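**Student:** I have a structure I would like to understand better, so I am pasting it below and will then ask my questions one at a time.
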Amino acid sequence: MLAVLMLILACSSGDPAISQARTALQAALASGDVTAVSNAARAAGDLEGKDPALDRLLGDALANHLLRTEDGARLLRANPAPGDPVWLDAATDAALRIGDRPWLAKLLALRGVELDLKRSVVDQVMRLSASDASIDHKVLETVVEDCALVGSRTRTGRRPVDLPVPDSLQKTLTVLGATHIIAARTTLVYSPRTSTDRSWKCAAGWLPQGSYHTIPDPLPPRGIVLVATDGRTTGSVELESTRSGPWATSSGDPALVARWLQAGAMMDGLGADPDAETKVLARFGHGLALPAGD
């Protein structure tokens, strides 16, 4: 009983050793320097179990910086602080790294985030996150949402588009109101180069390593699937590289896509006109959807 009382008094009164260890570990974590984190964590390890705040920092260091994932997750579980965003970030990342879906789902719910953790890409993110500290819950959220968007495209009943791809298509989609643009590869023509390649495997295609939120220039030899949404309307089109340049070949909604391409062609034609965006919006209106009645 006396030992417990002494521990409580030490923690509540701000034991200098504990305070110093917390400060050092916080600074090391903020720096992102793995060597500094390792040194500070080693020093803090001697005080493990004496201060919940220090244990939470140590758990973050072990799980998400030094990738001793099980050790870090244990400390974060044992010292929960759901109202602390630092703990919530650290615990969510730790749950991802150890592949604990039930815990991860609970932590995401605390953040107000709903993700379909049954998607196959989650396994890939979990596997890579265990050995790559840069892959965290934010990456998971982005990848799962992007895979869902790619999966929403119409893959049957596609019809020809047969129009050139304007140079300004990416800019034009943004001007029209696109909030999300994805340039994916189909499952039949793309595969990762290595087991650590951060090319995400969705059920309906690949999200290639690097920036897949921009239309590549030039297009890869076998083309891409371009998916765009403004939060209300989502459309997709297959773009291919041809001798005549980038070409839109097919879409589940060719009329919708033709509007995007026509707007892009107008943007190209206006060139450096300072009022180009205003003129395009005046002609085509705001939003990715076809105007009512078209």
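The values are calculated or read from the model by the stated rules, or taken from the named source; none is laboratory data. Because the structure is predicted, anything quoted here is derived from the model rather than measured. Here the Cβ positions follow ideal geometry from the backbone for every residue, glycine too, while neighbour counts run over all protein chains shown.
**Student:** List pairs: first in the stretch 192-211 and within 15 Å of I224 (Cβ to Cβ) and part of a strand (DSSP E or B), second modelled with pLDDT of 85 or more and among the acidic types (D, E), Cβ under 9 Å, 6+ apart or cross-chain?
**Tutor:** If the second residue must be modelled with pLDDT of 85 or more and among the acidic types (D, E), the pairs left are W200/D146; C202/D146; L207/D146.
**Student:** To continue, here is another question. Take R74 and tell me if it is more than 22 Å from Q209 (Cα to Cα), touching a Gly at 6+ places or on another chain (Cβ under 8 Å) and either among the basic types (K, R) or at pLDDT below 95 (or both).
**Tutor:** Considered against the rule, which asks whether it is more than 22 Å from Q209 (Cα to Cα), touching a Gly at 6+ places or on another chain (Cβ under 8 Å) and either among the basic types (K, R) or at pLDDT below 95 (or both), R74 comes out as yes.
**Student:** On to the next question. Only one residue in G293, G264 is modelled with pLDDT of 90 or more and not assigned by TED's automatic domain parsing to the domain that holds M126, so which one is that?
**Tutor:** Going through G293, G264 in turn, the sole match is G264.
**Student:** Looking for something within 30 Å of H286 (Cβ to Cβ), touching a strand residue (DSSP E or B) at 6+ places or on another chain (Cβ under 7 Å) and aromatic (F, W, Y) - is there at least one such residue anywhere in the stretch 193-201?
**Tutor:** Taking the stretch 193-201 first, the residues within 30 Å of H286 (Cβ to Cβ) are none.
No, the stretch 193-201 has no match at all.
**Student:** Also, quick follow-up: With respect to the numbered conditions (1) assigned to a helix (DSSP H, G or I); (2) more than 30 Å from T187 (Cα to Cα); (3) in contact with a Phe, Trp or Tyr (Cβ under 7 Å, 6 or more places away or on another chain), which one is the sole condition not fulfilled by A43?
**Tutor:** (3)
**Student:** Still on this structure, please answer the following. Can you pull out every residue in the stretch 107-137 that is among the charged types (D, E, K, R), surrounded by 15 or more Cβ atoms within 10 Å (Cβ to Cβ) and not in a loop (DSSP other than H, G, I, E, B)?
**Tutor:** R127
**Student:** Give all pairs with beta carbons closer than 8 Å in which a residue from the stretch 228-255 that is free of Cβ contacts under 8 Å to residues at least 60 places away in the same chain and under 9 Å from V161 (Cα atoms) meets a residue that is outside any strand (DSSP E or B) and of a type in the set (D, E); count only pairs at least 6 apart in sequence or on separate chains.
**Tutor:** Pairs that qualify, where the first residue is free of Cβ contacts under 8 Å to residues at least 60 places away in the same chain and under 9 Å from V161 (Cα atoms) and the partner is outside any strand (DSSP E or B) and of a type in the set (D, E), are A255/D294.
**Student:** Before we move on, is A91 in a helix (DSSP H, G or I) and more than 30 Å from Q209 (Cβ to Cβ)?
**Tutor:** So A91 fails the test.
**Student:** Right, next: Of everything in the stretch 67-86 that's assigned to a loop (DSSP other than H, G, I, E, B) and touching a helix residue (DSSP H, G or I) at 6+ places or on another chain (Cβ under 6 Å), which residue is surrounded by the fewest Cβ atoms within 10 Å (Cβ to Cβ)?
**Tutor:** Applying the filter and picking the extreme gives P82.
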